[in-house]
Structure formats: C-alpha cells, structure tokens
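Heads up: the structure comes next, in structure tokens.
The values are calculated or read from the model by the stated rules, or taken from the named source; none is laboratory data. Just so we're clear, the structure is a prediction, and the values are computed from it rather than from any experiment. Every residue, glycine among them, receives a Cβ derived from its backbone with ideal geometry; neighbour counts consider all protein chains shown.
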Amino acid sequence: MDAIILAAGKGTRLLPHTETIPKPLLPVRGRPILDWIIGALPSIDRLIVVVNYLAGQIEEYLATQTHIRDWTTVRQVEPRGTGDALMSCREAVTSDRVLVLNGDDLIGRADLARLAAVPMGILAHPVDNPESYGILFRHPDGSLARLVEKPRGLASPQMANIGAYLFPRHVFDLTLPLSPRNEYEITDAVAQLAAIGRFEVIEAGYWLPIGTVEQWQSAQTADVSAVTDPGTR
C-alpha cells in the first residue's frame, strides 16, 4: 500500500501565518502538521506528497524526516482541485492500494489503521454544522450510499467526510468531471467507486481539524495522544 498526502494548497484561511510557511509545516505542539500525519500512518511501501505552494520547504522537510525512507513528491503544476491532485499521482503510485489524506488535519493512528484494512473506504466523524462539510449518507448495511456537499436543513449531528480515503489502484482509470467550481473533486472519485462496489464508511474516533487560525491555536493545547498511540480510539 502506498500513501498520498495532498499538500499543495495555500492555506488561505490561515493567513498571515501561511505567507512564508506552507500550511502542512505549521507547528502543532512543536512538530510540523505534516510530521504528525506521516508519523500516524500505518505501514506503507511508499509515500507520495503532492506539492505546489512553497514546495521547496516541504521537500526540505521530507529530506530530513525519519519516518519513511521511500518518498517522492509530485508537483501539481496548476492546482485544479483535490481530484486533480490525486490523478497527478498516477505514475508515482506503485501499489495496488493507496491511502489518501489531506495534508492538514490530524487523524488518530488507530483510525487510519482501520481504514487501511478495507478494500476501499472513507473516514467520517460526526459534526454539528453539516452545512459546512461534505456529509455521508449510508446504506442500511453501513456502506456509502452518497456524499452531499454542504447540505442545508439537516438535523445534527451528521457524519462528515474528514478527508481520508482508501482507494484501489483502478481509481486512476476513472474520468472525473469538472465541478461547478471549475475544479476536479476527489469526492467524485468516491462517488464513482461507491456506485460499482462496497465503499466502507468508518467512523473515526479522533479528528483534529486545523483549517483556521483559531483551530490551529487551539491545537497547541489539544490532546494529540490518539495520533501517536495505536491503541487509542
């Protein structure tokens, strides 16, 4: 299994802190966000990091980290969404399965291990403001039925997509449509795969989003033991 971390974005909601430092390298309790993420990964064969904004800094970090020896970067020349970032890794992936993560939020190590154990799936976490997230709807057997972006009028809580996926290699054979935002969305890959096979929805026991300045500041005093402890749920 390979792992892809999407780390090409500018992190505009974290300005001015991301003017000179890429979001994945912002420190949380003295460690770069990206270092926490890589350290929480299950056993993988190869790490691929998609970069664009301040890419050189991320590559410098990867050259010094000691978690994974076999790593490479893929430069997303013109950022066109998460789906484009995924598809840009087609030639770099060497395994039959690939774990794909956003390069910002922290997710529990045990949760990533559970995701890595299924043929294909997505991690979810309950949220009280579903209008701000992609919301997952499940079949009676618990597998994914559909994913709706930022729906309004739903009662809380709802299960949200937290940006962690397990794809089979044939995800790269899909053709993604251009979204209304004029981007290619990774969630369209999820929808296409869920339409032809069982796509597992796994509820994460730990999720620490770091999308805003306030969340980043709060993360400095948050309990992050689940990111390092494989037995924490």
Across region 47-74, what is the number of residues that are in contact (Cβ under 8 Å) with a residue 12 or more places away in the chain and part of a loop (DSSP other than H, G, I, E, B)? 7
Can we say ASP84 is within 22 Å of ALA164 (Cα to Cα) and surrounded by fewer than 19 Cβ atoms within 10 Å (Cβ to Cβ)? no
Residue selected from region 66-88 under the condition among the charged types (D, E, K, R) and farther than 18 Å from VAL171 by Cα, by the criterion modelled with the lowest pLDDT: GLU78
Just to be sure, is GLN76 crowded, with 21+ Cβ neighbours inside 10 Å, over 13 Å from the mean Cα position of the chain (by Cα) and closer than 23 Å to PRO32 by Cβ? yes
Filter pass, LYS10 being of a type in the set (Lys, Arg), in contact (Cβ under 8 Å) with a residue 60 or more places away in the chain and surrounded by 15 or more Cβ atoms within 10 Å (Cβ to Cβ): no
Look through THR73, THR20, THR12, THR94 and report the one residue that is touching a helix residue (DSSP H, G or I) at 6+ places or on another chain (Cβ under 6 Å) and over 24 Å from ALA226 (Cα atoms). THR73
I want to confirm something. Restricting to region 76-99 and keeping residues that are part of a loop (DSSP other than H, G, I, E, B) and of a type in the set (Ser, Thr, Tyr), which single residue is farthest from ALA116 (Cα to Cα)? SER88
